[in-house]
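A quick write-up on the structure given underneath.
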Amino acid sequence: MKKSDPPKKTPRRSQLSYGKQDKDGFIHRSWMKAQGYPDHCFDGRPIIGLCNTWSEITPCNSGLRELAEYVKRGIWEAGGVPLEFPVTSLGETQMRPTAMLFRNLLAMDVEESIRGNPIDGVVLLGGCDKTTPGQLMGAASVNLPTIVVSSGAMLNGKFRGRDIGSGTDVWKFSEAVRAGEMSQEDFIAAEGAMSRSRGVCMTMGTASTVSNLTEAMGLCLPYNGSIPAVDARRQVMAHMSGREIVRLVEEDIRLKDIVTKASLINAIKVNAAVGGSTNSVMHLLALAGRLEIDLQLEDFDRYSRDLPLIANLMPSGRFLMEDYHYAGGLPAVMKKIASHLDLNAATVSGKTLGEQIEPAECYNDEVIRDLDNPVRESSGIWVLRGNLCPQGAIIKPNAATPELLKHTGRAVVFESIEDYHARKDAPDLDIDENCIMVLKGCGPKGYPGMPEVGNMALPKKLLEKGVKDMLRISDARMSGTAFGSVILHVAPEAQAGGPLAVVRSGDLIEFDGEARSLNLKISHQELQSRLQEWQADRPESPYQRGYAKLYVDTVLQADRGADLDFLVGGSGDEVSRESH
Ligand code: FES
């Protein structure tokens, strides 16, 4: 396996603190001995940090405390010393205004916690949507030997004799209540039936997408993306990950040795095959930025064009993550699309990707279809350009209604999420099923944080007519568990002065998926005149202090992954100055 530059250091990084025989060494060791560590723990053996996003208000990560104990077993067994530390945790279902606002804050926390502490390698314990991406971004900027252990997905939701999926069925039930097809009592009764074990959403939402893409990039052991959270085999995998991280430190194999342009492209292809979340675009672009790898928005379209959807999982398909694991999980998917992948890519197991998936088998061809019998021919991410999105926009075709993938319609504009909530069900709202719903002010700077509101629910009067889908356009994101004909991540966003800011109700918008175009049907002159007017009336940002100000002032647009501009790249692991 290729080693990164610079080559292996002597002494080990942790020995720069624990190996000293002076006052500084005394201080570093003595306070650690207060926890009962004997002398030999500081004799030069690998010190492994367990970067844990466990939290009771990140319910999807509530099992990580226990899982960390299994990682520690493996580290001790392999001759290392595990030291667990907490970092910011982000509960997707709990945080306001959106967990995405804080992904970069977590990434900063992770980066500085890893860099500032005397550790030689790190195990990232994450799960819920923004936790693993934030951890990967932070860890990438330090570039120590790194391995990921994910929460794993919940057991299948079970409600009145049928399987229900996290998020996906929330949207369906919510619209059924608004359409008068489901009672409020049944709606509440479904809550406990949906989330009935610890773990992340059990659809192919963002969390499972990220754990699968992490596996595709080789940064975790096989089946990390699919073993259920409560299955003992996840504990075994955690144990084995502890053993592997010690080996990675001993062989000085770092994150950048594993995650390369080739492995990012493998991840993009896998995302198409499994019907992964549109949020993967944001997170992979941000990760590539940290690694200084040239990955462009168009690459998501280019590299997923030939891949059909073969994992039959909600929200694009029928089954859930538990079924996926029993069918063979990601190794089975990757084996079926092996001819599309770079099989020489490295993995943390020490095997190439090709060697790793060689023994994989598929045990259920209905859950993981063959390439010649896909769930959908078109998958992946389509990247759009046009005068409405000069820096791009995206749509997930396999979650859309095929007939709406080419559509021209009259815009019905909502200037903010509050405007949308206030007017969406108004009886006099001038809208029909051929209109295009446009939502502004939900980009990185606008909300702030780019929430998952792009799949805005349809107006009640259309739901009552039986309308199930409409074309929707916004600068927002959408939950990985969501579905619909939804154009997202319009860049530049409205708040940054993008053309989206000046769309008016009644304008015609033309979307042609095949041509990858999205255009506002007004003259260039009219568009420029509206943009100048908008700039002249632009209000001052209400975010004038704290992290929100830092974020709004420095966040990049969606086509760059919405990282903070000064966090792109990395600072490495060297800290030359002592603390005393
Ligand atoms: Fe945490 Fe879905 S809300 S993984």
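The values are calculated or read from the model by the stated rules, or taken from the named source; none is laboratory data. Just so it is clear, the structure is predicted and the values come from calculations on it, not from any experiment. Here the Cβ is made from the backbone with ideal geometry for all residues, glycine too, and neighbour counts use every protein chain on show. Surface accessibility is based on the protein's heavy atoms, side chains included, excluding ligands, DNA and RNA. Shrake-Rupley method; radii C 1.70, N 1.55, O 1.52, S 1.80 Å.
A compact table of results
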item: Label point distance in nm, LEU371-LYS521, each placed 7 Å from Cα along Cα→Cβ; result: 4.0
item: Heavy-atom accessible area per residue - region 278-371, 1.4 Å, Å²; result: 36
item: Segment GLU298-ASP39, length gained on full extension (0.36 nm per residue, minus Cα span); result: 87.9 nm
item: Coarse-grained scattering of the chain at q = 0.09 Å⁻¹, given as base-10 log I(q)/I(0) from a Debye sum over alpha-carbon atoms; result: -0.67
item: If the convex hull is drawn through the Cα atoms of region 285-373, its volume per residue in Å³; result: 133
item: Estimated 222 nm signal from helices in the chain, with DSSP H stretches of n ≥ 4 weighted -39500 (n - 2.57), rounded to 500; result: -10000 deg cm²/dmol
item: Low-density loop positions, GluC sites (Glu not before Pro), region 55-117 - DSSP coil, at most 14 other Cβ in 10 Å; result: GLU56
item: Quarter of Cα convex hull surface for region 516-580, i.e. mean projection, nm²; result: 8.8
item: Spatially proximal lysines relative to LYS468 (Cα-Cα < 23 Å; intrachain offsets below 8 disregarded); result: LYS172, LYS396, LYS406, LYS424, LYS440, LYS460
item: Region 319-458, accessible surface, carbon-and-sulfur percent (1.4 angstrom probe); result: 47
item: Prolate/oblate/rounded call for region 50-102, Cα gyration tensor, a/c under 1.5 rounded; result: prolate
item: For region 183-313, convex hull of alpha carbons as volume per residue, Å³; result: 134
item: Part-to-part distance (alpha-carbon centres) for region 519-533 and region 16-93, which is given in Å; result: 57
item: Region 40-136, accessible area per residue, ligands and nucleic acids excluded (1.4 Å, Å²); result: 32
item: Probe 1.4 Å, all protein chains present, accessible-area order of VAL568, VAL555, largest first; result: VAL568, VAL555
item: Which of LEU488, ILE188, ALA515, positive extreme of dipole for the chain (C-beta unit charges); result: ILE188
item: Calculated over region 381-532: convex hull of Cα atoms, volume per residue (Å³); result: 100
item: Additional length obtainable on full extension of the chain from GLN535 to LYS20, 0.36 nm per residue less Cα span; result: 179.5 nm
item: Label point 7 Å beyond Cα of THR401 along Cβ direction - residues of region 435-461 with amide nitrogen under 12 Å; result: 435-437, 458-459
item: Surface accessible to a 1.4 Å probe, per residue, for the residues of region 514-580, Å²; result: 65
item: Distance between modelled label sites at SER505 and PHE85, nm, 7 Å Cα→Cβ extension; result: 5.3
item: Accessible-area order (highest first, 1.4 angstrom probe) of the listed residues THR58, THR352; result: THR352, THR58
item: Any cysteine of the chain lacking a neighbouring Cys Cβ under 4.7 Å - listed by number; result: CYS41, CYS51, CYS201, CYS220, CYS362, CYS389, CYS435, CYS442
item: Efficiency of FRET from Cβ geometry, LYS351 and ALA426, R₀ 41 Å, rounded to 0.05; result: 0.10
item: Rounded percent of accessible protein surface that carbon and sulfur make up, region 87-218, 1.4 Å probe; result: 52
item: By average C-beta atoms within 10 angstrom, highest first, the peptides 444-450, 321-327, 547-553, 381-387; result: 444-450, 321-327, 381-387, 547-553
item: Axial C-alpha extent at least 24 Å, average Kyte-Doolittle at least -1.0 - helices from the chain (DSSP); result: 232-250
item: Protection-proxy order for peptides 47-55, 529-537, 192-200, each taking the mean of Cβ atoms within 10 Å per residue, highest first; result: 47-55, 192-200, 529-537
item: Protein accessible area in region 462-580, 1.4 Å probe - carbon and sulfur %; result: 47
item: Principal axis box of region 300-430, alpha-carbon based, largest edge first, Å; result: 60, 32, 29
item: Region 344-448: relative contact order as a whole-number percent, Cα under 8 Å and 6+ apart; result: 16
